[in-house]
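J.: Handing you a structure now.
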Amino acid sequence: MSDHDDLARLAADAYVYGYPLVFDVSMVQRCLRTGFGSLPATQANRFAHARKLAGPQDDFVSVNNDTIYSLAQLDLSGGPLLLRVPDTADSYYVLQFVDTWTNNFAYVGRRATGTDAAVFVVAPPGWIGAVPEGTRVITAPTTVASIVGRFACAGPDDLDRVAKLQEQLTLEPLGDPGPTAGLPVPDDTVPEDLRFWEQLRVLLAAFPPDTEDAEYQRRYAALGLLHEGGSPYHDAPGDLVTALRNGYAAGRQRVEEASRTGLDDRSSTWHMALHLFDYNVDRLGLGTVDSPDWRIGDRRASYLVRAVAARVGLWGNHAYEAVYATTYTDAEGRQLNGSRNYTLTFPSPPPVDAFWSVTMYDMPDYFLIDNAANRYSIGDRTPGLVHGPDGSLTLYLMHAKPVEGEAANWLPTPAGDFRPMLRMYQPGKAVLDGSYQLPDIQPLD
């Protein structure tokens with residue numbers, strides 16, 4: 001094996017390791033600068049509120065159609081923040097706290113802290129100070145972080161109720177705030193095919209990981225990723241440029257293949273992904289479950305899991321908050337495609353303490369699908385569903401509208417390949433211990 005091959009292999013490893021950081025910060029930047037879908041651009045340390053359920057206009061990977069989003073991009077370099085949450089009267093909501101490495105480091109909401117009104121302090125790394133009586137402190141691992149808020153919404157008639165709750169969800173400085181640093185700025189004159197590496201280099205310096213990961217990433221010095229000062233990717237040696245290009249392609253392919261084949265629990269043809277978000281092993285704060293059952297034991301293996309989680313479900317929750325089950329194939333093992341018609345029959349409802357739904361996504365982007373029925377998900381809160389005499393529920397997954405008796409249970413599919421996702425909010429014990437088996441999708445033709 002040549003030195004060049006070794007360097008390319010190292011670059012592929014660095015891509016898998018660093019992709020979540022680059023992707024996460026790109027989405028943070030997008031939220032701050034342009035917003036997306038129904039979420040407007042909003043400055044740091046303020047909430048942006050969606051006022052309707054997500055649709056095809058929301059080009060965010062695997063966005064849900066069950067809840068109304070409230071997102072805040074935090075810049076804690078200026079000091080801690082006070083977070084106030086409303087009383088939701090037992091209605092489901094969750095605030096998920098995510099650092100720039102995509103680690104879920106805290107939760108506030110129905111499962112984690114209850115639904116009463118409350119106040120929390122969100123603090124930067126290493127902060128020590130006095131807090132108001134009765135508040136709990138959430139310490140972020142990185143100075144930039146995201147709060148991903150989701151409020152359960154039963155449909156258009158429920159939007160006003162959710163909007164009133166959103167207005168009571170606020171952030172304000174604790175004490176006198178200092179200046180904020182903002183996001184680091186990579187050198188945009190670096191050649192386009194090396195831009196990913198320049199972004200990663202700058203972000204590694206701005207958002208250092210925990211000690212063991214910091215030790216691991218020292219191996220990337222040969223790639224220029226630990227270089228301080230100006231970018232090393234101007235006039236880089238030819239063998240390095242070739243290795244970075246080849247490593248980028250190989251690393252990306254590794255993530256794509258792992259995203260398709262799955263890394264986790266199987267339930268029939270479904271990937272349950274019970275441990276897809278268990279790669280955070282160092283910073284488990286309020287509302288998380290700090291247990292070996294919810295931490296990946298092999299730190300090095302967790303890097304690929306983390307990359308897959310970012311690729312297929314950025315800002316997804318731990319399974320004890322919500323389980324995301326996906327499938328690409330029918331019961332015969334064939335890729336799901338809109339040229340065929342399918343059924344999905346639940347003999348009994350998925351066991352959950354909140355609610356469940358099936359959402360349809362296109363491929364390869366995993367976006368919601370525009371359709372004449374304006375239906376993007378279907379589940380236990382969908383009005384008018386028709387159950388069988390035995391209590392079973394059969395959903396019809398089709399591109400064209402089915403016959404009248406089946407239309408109430410129709411989930412439209414795209415014309416081409418698709419990947420549905422079954423979400424189970426506050427999943428029951430049978431889901432988490434693997435004893436609940438999801439039914440296969442059956443082809444009708």
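The values are calculated or read from the model by the stated rules, or taken from the named source; none is laboratory data. Computed from a predicted structure; not experimentally measured. When we count neighbours, we look across all protein chains shown, and the Cβ atoms used for this are built from the backbone with ideal geometry, even at glycine. Note: accessible area is taken over every heavy atom of the protein model, side chains too, but ligands, DNA and RNA are not part of it. Shrake-Rupley method; radii C 1.70, N 1.55, O 1.52, S 1.80 Å.
J.: Restricting attention to segment 289-309, report how many residues are assigned to a loop (DSSP other than H, G, I, E, B), under 15 Å from L432 (Cα atoms) and touching a residue at least 12 places away in the same chain (Cβ under 8 Å).
T.: 2
J.: Going through V358, V312 one at a time, which residue ends up being closer than 16 Å to L422 by Cα and in a helix (DSSP H, G or I)? Walk me through how you get there before you give the answer.
T.: Values: V358 fails: in a helix (DSSP H, G or I).
Only one candidate qualifies: V312.
J.: Any residue at all in segment 127-137 that is open to solvent by less than 20 Å² (accessible area, probe 1.4 Å) and not small (G, A, S)?
T.: no
J.: With (1) modelled with pLDDT of 95 or more; (2) touching a Gly at 6+ places or on another chain (Cβ under 7 Å); (3) farther than 23 Å from P209 by Cβ as the list, and A12 as the residue in question, which single condition is left unmet?
T.: Unmet for A12, out of (1) modelled with pLDDT of 95 or more; (2) touching a Gly at 6+ places or on another chain (Cβ under 7 Å); (3) farther than 23 Å from P209 by Cβ: (3).
J.: May I pose another question? Only residues that are of a type in the set (D, E) and in contact with a strand residue (DSSP E or B) (Cβ under 7 Å, 6 or more places away or on another chain): list them for segment 163-182, please. Walk me through it before giving the result.
T.: Pass one, segment 163-182, residues of a type in the set (D, E): 167, 172, 176.
Within segment 163-182, just E172 meets the criteria.
J.: Of all strands (runs of 3 or more DSSP E) completely enclosed by segment 1-104, which ones contain at least 2 residues that are crowded, with 24+ Cβ neighbours inside 10 Å?
T.: It comes to 67-75, 81-85, 93-99.
J.: A follow-up question, please. Tell me, yes or no, whether segment 428-445 has at least one residue that is closer than 14 Å to S357 by Cβ, at pLDDT 95 or above and assigned to a strand (DSSP E or B).
T.: No, segment 428-445 contains no residue that is closer than 14 Å to S357 by Cβ, at pLDDT 95 or above and assigned to a strand (DSSP E or B).
J.: Condition first: at pLDDT 90 or above and in contact with a helix residue (DSSP H, G or I) (Cβ under 6 Å, 6 or more places away or on another chain). Now tell me which residues in segment 255-275 satisfy that.
T.: Across segment 255-275, the qualifying residues are V255, A258.
J.: Also, I was wondering about something else. Kindly state which helices (runs of 4 or more DSSP H) lie completely within segment 149-248 and contain at least 1 residues that are surrounded by fewer than 16 Cβ atoms within 10 Å (Cβ to Cβ) and in contact with a Pro (Cβ under 7 Å, 6 or more places away or on another chain).
T.: Working: elements: 159-167, 195-206, 211-216.
Qualifying helices (runs of 4 or more DSSP H): 211-216.
J.: Counting just the residues of segment 315-342 that are buried (at least 19 other Cβ atoms within 10 Å of the Cβ) and in a strand (DSSP E or B), which one comes out modelled with the highest pLDDT?
T.: From segment 315-342, those buried (at least 19 other Cβ atoms within 10 Å of the Cβ) are 315-328, 330, 336, 338, 342; that's our starting set.
Keeping just the survivors that are in a strand (DSSP E or B) gives 322-326, 342.
Values: A322: 95, V323: 93, Y324: 89, A325: 90, T326: 91, Y342: 98.
Filtering segment 315-342 for residues that are buried (at least 19 other Cβ atoms within 10 Å of the Cβ) and in a strand (DSSP E or B), the one modelled with the highest pLDDT comes out as Y342.
The rows are residues; the columns are (1) under 18 Å from E321 (Cβ atoms); (2) in contact (Cβ under 8 Å) with a residue 40 or more places away in the chain.
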site	(1), (2)
R30	no, no
N45	no, yes
P80	no, yes
S91	yes, yes
G114	yes, no
P124	no, yes
P132	no, yes
